[in-house]
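Take a look at the structure below.
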Ligand code: EQ3
């Protein structure tokens, strides 16, 4: 039996439940641009009381420095216009530059703007802004999420801002190859133990990822293998996966807890593992409940891995078998 990405995507699909994250983002998308910016400010400063991101290192801020300097020198009205352009993904020079930033540089850019807003050097909300009832609805929806889900909503809104540069020729902005490393806050977890799992490719994957050793992680995949991040399409091929990992998987602490493994008729195996992942942005203070769904080929290589955000902590223990 030939393994296909499409059939791999449906492994353990009966254990997936709808997540509140896309629903909250859909509510956010319906807000007008000023309401979106105001929502983010209230959500961030409100949630900031319990979850505050770590300051990005100087190297990462350097990548966003030229835009930040331009914005600092602007009038409040001009600053508001830049933020409206970013939120509406307008085609302007600043919005294009932002569109070329990596995910972590986008987050660092907004982190710094937020700091400048707190100091009164950048205007947080347009002059004369009146909040619409829709903002309250999205804030209430956000409050129902756990912290891991809240930071996922924040991250996705930031990532989706700026002009869509995916169809444009690559710019001179540094991306994955020069992505600054995150300082690991906790000691590297070297010996991985997952209740119910002994599959070497899976244990090796977690070990390599926890050491930011992406070459070792990639070596465990088949050349046509795929990785499907939460709420995204699969990234196919080892080159594309390596680029993605260097940009987005630096400094993550992966703490898988338990799993199940099923051998299929052709000798391939499907595994579902649940556990907690910490991002270097929030360190040990925020844990995200997630599941990994692996399809391992008969030769022991990873053909597919999907990463799903779990809807609730109870799901960590829901490892129901497929019929
Ligand atoms: C200034 C302010 C507040 C107001 C203004 O109006 C608008 C904005 C945008 C503002 C600023 C907002 C800011 C500063 C937001 C910052 C948000 C941050 C730092 C969010 C970070 C979130 C990180 C997350 C959710 C990371 C999740 C990572 C996961 C689940 C990783 C999973 C993976 C695993 C487990 C693998 O095995 C493979 C790789 C992969 C990465 C998929």
Self-check item: Helix-only [θ]222 nm of the chain, DSSP H runs n ≥ 4, -39500 (n - 2.57) each, per residue, nearest 500
Solution: -12000 deg cm²/dmol
Practice problem: Multiply the residue separation of residue 285 and residue 46 by 0.36 nm, subtract the distance between their alpha-carbon atoms, and state the gained length in nm to one decimal. | Solution: 84.4 nm
Self-check item: Cα-based shape type of region 178-323, given that a ≥ b ≥ c are square roots of the gyration tensor eigenvalues and the cut on a/c is 1.5
Solution: oblate
Quiz item: Between the helical axis of 133-143 and the dominant principal axis of the chain, each derived from Cα atoms, what acute angle in degrees is found, rounded to the nearest 10?
Solution: 40 degrees
Quiz item: Relative to the longest principal Cα axis of the chain, at what angle does helix 58-72 sit, 0 to 90 degrees, rounded to 10?
Solution: 30 degrees
Quiz item: Once the Cα atoms of helix 238-248 and of the chain are each reduced to a long axis, what angle between those two axes, in degrees from 0 to 90 to the nearest 10, is obtained?
Solution: 50 degrees
Quiz item: Cα gyration tensor of region 58-114, axes a ≥ b ≥ c as square roots of the eigenvalues: rounded (a/c below 1.5), prolate (a/b > b/c) or oblate?
Solution: oblate
Self-check item: Nitroxide proxy distance, nm - points 7 Å out along Cα→Cβ at residue 181 and residue 140
Solution: 4.8 nm
Quiz prompt | Percentage, to the nearest whole number, of Cα pairs in the chain over 30 Å apart | solution = 37 percent
Exercise. Sort out for me the Cα centre separation of region 263-323 from region 35-89, rounded to whole Å.
Key: 33 Å
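Arrange the following residues from fewest to most other Cβ atoms within 10 Å of their Cβ: 74, 83. Numbers along the way, then the final one.
Numbers: 74 14, 83 26.
Ordered by Cβ neighbours within 10 Å, fewest first: 74, 83.
Quote the FRET efficiency, to the nearest 0.05, computed for residue 74 versus residue 2 with a Förster distance R0 of 41 Å and r equal to the Cβ-Cβ distance. Walk me through the intermediate numbers first.
On the way: r = 57 Å, r/R0 = 1.38.
So, using R0 = 41 Å, E works out to roughly 0.15.
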Quiz prompt | Calculated over region 31-160: convex hull of Cα atoms, volume per residue (Å³) | solution = 105 Å³
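Quick one: work out the % antiparallel among DSSP beta bridges in the chain, nearest 5.
Given both bridge residues lie in the chain, the antiparallel proportion sits at roughly 85 percent.
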Self-check item: Inter-label distance for residue 215 and residue 166, nm, one decimal - labels placed 7 Å from Cα along Cα-to-Cβ
Solution: 3.1 nm
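Any read-out appearing in this document is the output of simple, stated calculations on the displayed coordinates, not a laboratory observation. For clarity, every value in this text was computed on a predicted model and none was experimentally measured. Positions of Cβ are generated from backbone atoms using ideal geometry, with glycine treated the same way; all protein chains shown enter the neighbour counts.
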